[in-house]
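Here the structure is laid out as structure tokens; the discussion comes afterwards.
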Amino acid sequence: MIRPVLARALLLAALALPGVARATEVTTGQLDNGMQVVVIEDHRAPVVVHMVWYRSGSADEPAGESGVAHFLEHLLFKATDTMAAGELSATVAANGGSDNAFTNHDYTAYYQRVAADRLELMMRMESDRMNNLRLTQSDIDTERQVILEERNQRTENSAGALAREQMMAAQYLNHRYGVPVIGWRHEMESLTLGDALDFYDLYYSPNNAILVVAGDVEPQAVMDLARRYYGVIPAEDNLPPRERGQEPPQLAERRLIFVDARVSNPYLVRSYLAPERDHGAQQEAAALVYLAELLGGSPFTSALGVALQIDSQTAVRTSAANDGASLDDTTFELVVVPSEGVSLDEGEAALDAVLADFLATGPDAAQMERIRTQLRAGEIYALDNVQNLAERYGAALTQGLEVEDVQAWPDILQSVTADQVRAAAARVLDRRQSVTLWVAASQEEAR
């Protein structure tokens, strides 16, 4: 039985731009077995997005079984007690919808986008594979080859992807974020039926799951269906606390040189550990959103773009990126692709000069306001995509945030000051706490 509704809120009321004001109502609840339910109403079209998120991703895998979370994602499309292999996807397609799944370090999620009157059918089928998956050794052997081929295509055949794996392994000495989501090849090759079933039996449980339904629905109707289909599944009494090994203080910078003949243009990446968005404490992560845009956004306005691409023509491309969406410390990254005739060493020196200047002077006030306006508009436009909203809530709730944090985020972004950006930059952009990666086609270029 579902407990009374815990929260109802109007999103983005404070951000409404003239002529585009629209509120999205969010209702939350929880089943007796611990499954969290989030309903996002959007009645503009008779469509619904049905998602189930598990608070288990690659960073929750047992040591030596890297890739098992992603492996299980594939296996969930096999047979259950009542469905044949592939039947769920075939049913979604026959009803004019789409479905898929994805795995992250922090979560695994499954979704269907269908006509609103097909929601009950989706709940019946998705709840079935939460508890009644039936795997065979043939399933394991076949799907293991599928994921190995996926690794070949996405990683082994890409010099950039291989280089990034090495950088992340150097960035995280103790945390599982240093292990690729798809897994290390030698461990993927040895994944067994028992490995998959152990992970499934422990983590694919209602008290480890979040149901997110977004679209043309009524909250009480969704709650009633959730109780009928998911509420009867027993909770996992042995679900472990979500505790991971954390990074020790980094006392010296780390450097890597990756050489691969397939690299067309040498480039360098500088990565720093950075704070994630935490429940009730998202301000520093918000400041880093501004910092990424100020340093490496548009080449015509960002610090790196103007200094290296336009003024000195030292680089043909620069960028900065920060994703605060993670359960534990994330990364802030800078990329420089030097111009022809400019060495990686010269490109890195130019990067450091721009960073030193920025730390000394701080952000420009006009640039801050430009970014603030862009972020404000982006939050409004995000309301137009019901699946985007569903993913926003699902990801946040699996990464330690609460509904109120998601709702507060747009206002927090708007409240960021230049002083906060400068302080965040000073804390994060410390060479002693960095990993620098040079990627080149030859040892001669790696200089």
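Out of everything in segment 410-447 that is within 12 Å of Tyr290 (Cβ to Cβ) and among the β-branched types (Val, Ile, Thr), what residue ends up being nearest to the chain's Cα centre (by Cα)?
Top of the filtered list is Ile412.
Using beta carbons and a limit of 7 Å, which pairs, at least six apart or on different chains, have the first residue in segment 26-50 and at positive phi and the second one small (Gly, Ala, Ser)?
Correct list of pairs: Gly34/Ala235.
May I ask you to list pairs of residues, at least six apart or on different chains, whose Cβ atoms are under 6 Å apart, with the first in segment 217-233 being closer than 10 Å to Asn33 by Cβ and in contact (Cβ under 8 Å) with a residue 60 or more places away in the chain and the second being open to solvent by less than 50 Å² (accessible area, probe 1.4 Å) and of a type in the set (Gly, Ala, Ser)?
Every condition considered, the pairs that remain are Tyr230/Ser127.
Can you work out which of the residues in segment 108-128 that are open to solvent by less than 30 Å² (accessible area, probe 1.4 Å) and hydroxyl-bearing (Ser, Thr, Tyr) is nearest to Val47 (Cα to Cα)?
So, considering only residues that are open to solvent by less than 30 Å² (accessible area, probe 1.4 Å) and hydroxyl-bearing (Ser, Thr, Tyr), the one nearest to Val47 (Cα to Cα) is Tyr110.
Are any residues in segment 332-360 surrounded by 21 or more Cβ atoms within 10 Å (Cβ to Cβ), more than 18 Å from Val306 (Cβ to Cβ) and not hydrophobic (A, V, I, L, M, F, W, C), and if so, which ones?
The one that is surrounded by 21 or more Cβ atoms within 10 Å (Cβ to Cβ), more than 18 Å from Val306 (Cβ to Cβ) and not hydrophobic (A, V, I, L, M, F, W, C): Glu333.
Kindly establish whether Leu344 is of a type in the set (A, V, I, L, M, F, W, C), within 29 Å of Gly178 (Cα to Cα) and within 19 Å of the chain's Cα centre (by Cα).
no
Which members of segment 46-72 meet the condition of being open to solvent by 10 Å² or more (accessible area, probe 1.4 Å) and closer than 15 Å to Arg151 by Cα?
His70
Given the options Leu413, Leu401, name the one that is at pLDDT 95 or above and closer than 18 Å to Gln30 by Cβ.
Only one candidate qualifies: Leu401.
What pairs can you find where one residue is in segment 87-101 and farther than 14 Å from Met51 by Cα and assigned to a loop (DSSP other than H, G, I, E, B), the other is open to solvent by 30 Å² or more (accessible area, probe 1.4 Å) and hydrophobic (A, V, I, L, M, F, W, C), and their Cβ atoms are less than 7 Å apart, with a gap of 6+ or different chains?
Asn95/Ala115; Gly96/Ala115
Within segment 300-333, can you find the residues that are closer than 19 Å to Ala366 by Cβ and charged (D, E, K, R)?
Listed by number, the list holds a single entry, Asp311.
Those residues that are in a helix (DSSP H, G or I), surrounded by 20 or more Cβ atoms within 10 Å (Cβ to Cβ) and not β-branched (Val, Ile, Thr), I need them from segment 210-242; list them, please.
Once the filter is applied, which keeps residues that are in a helix (DSSP H, G or I), surrounded by 20 or more Cβ atoms within 10 Å (Cβ to Cβ) and not β-branched (Val, Ile, Thr), segment 210-242 yields Pro219, Met223, Leu225, Ala226.
Of all helices (runs of 4 or more DSSP H) completely enclosed by segment 116-205, which ones contain at least 3 residues that are of a type in the set (Asp, Glu)?
119-131, 137-151, 193-203
Tell me, which residue of segment 180-199 that is surrounded by 21 or more Cβ atoms within 10 Å (Cβ to Cβ) and not β-branched (Val, Ile, Thr) is nearest to the chain's Cα centre (by Cα)?
By that ranking, first place goes to Pro180.
Could you pull out the residue among Ser298, Ser319, Ser312 that is at pLDDT 95 or above and out of contact with any strand residue (DSSP E or B) (no Cβ under 9 Å at 6 or more places or on another chain)?
Ser312
The values are calculated or read from the model by the stated rules, or taken from the named source; none is laboratory data. Computed from a predicted structure; not experimentally measured. Neighbour counts run over all protein chains shown; Cβ positions are idealised from the backbone, glycine included. We work out accessible area using only protein heavy atoms, side chains counted, and drop any ligands, DNA or RNA first. Shrake-Rupley method; radii C 1.70, N 1.55, O 1.52, S 1.80 Å.
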